[in-house]
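First comes the structure, then the notes that go with it.
Any read-out appearing in this document is the output of simple, stated calculations on the displayed coordinates, not a laboratory observation. Everything numeric here is computed off the predicted structure, so don't read it as measured data. When we count neighbours, we look across all protein chains shown, and the Cβ atoms used for this are built from the backbone with ideal geometry, even at glycine.
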Amino acid sequence: MSNAPSSQPFAAIIVAAGKGLRAGQPLPKQFAQWQGKPVLRHSVEAFIKAGASPIVVVIPEGASDIAMETLKGLTGVAFVIGGMTRQDSVRAGLEALASRHAHHPISYVMIHDAARATLPQSVITRLRQALQQHSGAIPTLPVVDSLSVDKDGLMAGSADRAALRRVQTPQAFHFSAILAAHRNWTGVTDAGDDAQVFAASGETVAHVLGDEALKKLTFSEDFMTTSPIFRTGMGFDVHRLVEGEELWLGGLHIPHSHGLAGHSDADVALHAIVDALLGAIAAGDIGDHFPPTDPQWKGAASSRFVEHAAKLVQEAGFTIANVDLTIICEAPKIGPHRQTIREIIAGLLAVDISQISVKATTTERLGFTGRGEGIAAQAIASVIKESQS
């Protein structure tokens, strides 16, 4: 088997023909959302990244539209209708590859369950390497718990866990051998996986190290998490200092010889906070919501912008965890006003003052702020929400 270099192309079959009723989802679990995208899309993207081509996805009858929508934008993927059992579905995928690539035969294939959404590239690599010496290989993990044989709710024996392994997918095979094994399968019942079909045909199957991340999504609890979701955004703003303008910083009017020029009140501190909040929820920037070309914002108080951003954070299902603001200027001195600015910002965001940090620094008379030509501000905002099932 040494003529099977691990760099050689391979095909993939993803079995996604089940109904997934135990997962408690409103549609088959392979099409349900999980960690930001449909379950099926996770493993298809992993195979594409690994260089699998072609990729066949076996789907239930009548699911063509939702399957195409699930994998929209991905190329090199074909769909095949599955059968009554997993064995039938895998056979359909294998036969599709055999007929569609008769003039350019497939050498190697990996067969994977769509419900195992997280597919580490390291597992794919280990399987490809194993095919250099073996005609079949499967990822496995050791059994870490003691085992008991159950009979009518009572312990009726035990098993040696040291000799047992938990079997995962994808399972990798020389294509012609696994196709022949499925064609010759005479088992009365559906085999648990393709390795059993392969072994029944007299072939040997090698073990490679699997990964706990390959856990199969089975129950409704697998689609839920109680962990909170944290997101962070950053904002930065600069305005020129000019004579004849009022100076507003952090919502506070500060008497000074110069003020900041801008379409609104040019409060760089609040503008930086607005962009940080919008960034945390991926809602664009301050210019998207309050364009400087719109005359209605001429001279507007930036406090309105902050309140709008806070409302968008709330509507997105988040609450503000904290805001850290740094004002960069040579003058005026921010220290005497720092506490008042914290109170104003906390009031605008409807949070406790302990969640607001205001700092100030200079640039040691370097750059435009050092020359007193302008003031800059940067802010980081973190938001949090309890995740939903």
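What the table below lists for this structure:
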| item | result |
| --- | --- |
| Of GLY299, ILE320, PRO332, farthest towards positive along the dipole that unit charges on Lys, Arg, Asp, Glu beta carbons give segment 293-332 | GLY299 |
| Convex hull of Cα atoms in segment 11-223, direction-averaged projection (nm²) | 13.1 nm² |
| Highest-first arrangement of 152-164, 168-180, where packing means the average Cβ count within 10 Å | 168-180, 152-164 |
| C-alpha long axis of helix 302-315 to longest principal axis of the chain, angle in ° | 20 degrees |
| Separation of the ARG183 and ASP145 label points, Cα + 7 Å toward Cβ, nm | 4.2 nm |
| Centroid-to-centroid separation of segment 242-309 and segment 337-389 [C-alpha atoms, Å] | 13 Å |
| Relative contact order [Cα under 8 Å, 6+ residues apart], segment 297-389, whole percent | 40 percent |
| 4 °C / 1.567 mPa s Stokes-Einstein diffusion coefficient of the chain, Kirkwood radius on C-alpha pairs, µm²/s | 51 µm²/s |
| Helix 39-50 axis, angle to the chain major axis (alpha carbon atoms, nearest 10°) | 80 degrees |
| Gain upon complete extension [ASP190, HIS256; 0.36 nm per residue less C-alpha separation] | 15.5 nm |
| Positive-pole candidate from HIS42, LEU94, GLY82, dipole of the chain, charges at beta carbon | LEU94 |
| Contour excess over end-to-end distance, with Cα ends at LYS215 and THR125 and 0.36 nm allotted per residue | 30.6 nm |
| Per-peptide average of other Cβ atoms within 10 Å, ordering 346-352, 289-295 highest first | 346-352, 289-295 |
| Test item: Cα-centred dipole of segment 11-223, Lys/Arg +1 and Asp/Glu -1 on Cβ, debye | 400 debye |
| Bridge type composition, segment 11-223 - antiparallel percent by DSSP, nearest 5 | 45 percent |
| Calculated from backbone phi, Karplus (6.51, -1.76, 1.60) coupling profile of segment 320-331 in Hz, x at Gly/Pro | 7, 8, 6, 10, 10, 10, 10, 9, 10, 6, 8, 8 |
| Segment 228-386: proportion of alpha-carbon pairs further apart than 29 angstrom, % | 14 percent |
| Computed [θ] at 222 nm, helices only, for the chain once each DSSP H run of length n ≥ 4 contributes -39500 (n - 2.57) | -8000 deg cm²/dmol |
| Packing-based exposure ordering (other Cβ within 10 Å, fewest first) of HIS271, HIS207 | HIS207, HIS271 |
| DSSP bridge orientation in the chain - percent antiparallel, rounded to nearest 5 | 65 percent |
| Net charge dipole size for the chain [Lys, Arg +1 and Asp, Glu -1 on Cβ; Debye, nearest 20] | 1000 debye |
| Within segment 228-386: Cβ-based charge dipole about Cα centre, in debye rounded to nearest 20 (Lys, Arg +1; Asp, Glu -1) | 280 debye |
| Exceeding the 28 Å Cα-Cα cut-off - candidates LYS29/LYS385; LYS49/LYS72; LYS215/LYS311; LYS72/LYS311; LYS216/LYS311; LYS311/LYS333 | LYS215/LYS311; LYS72/LYS311; LYS216/LYS311; LYS311/LYS333 |
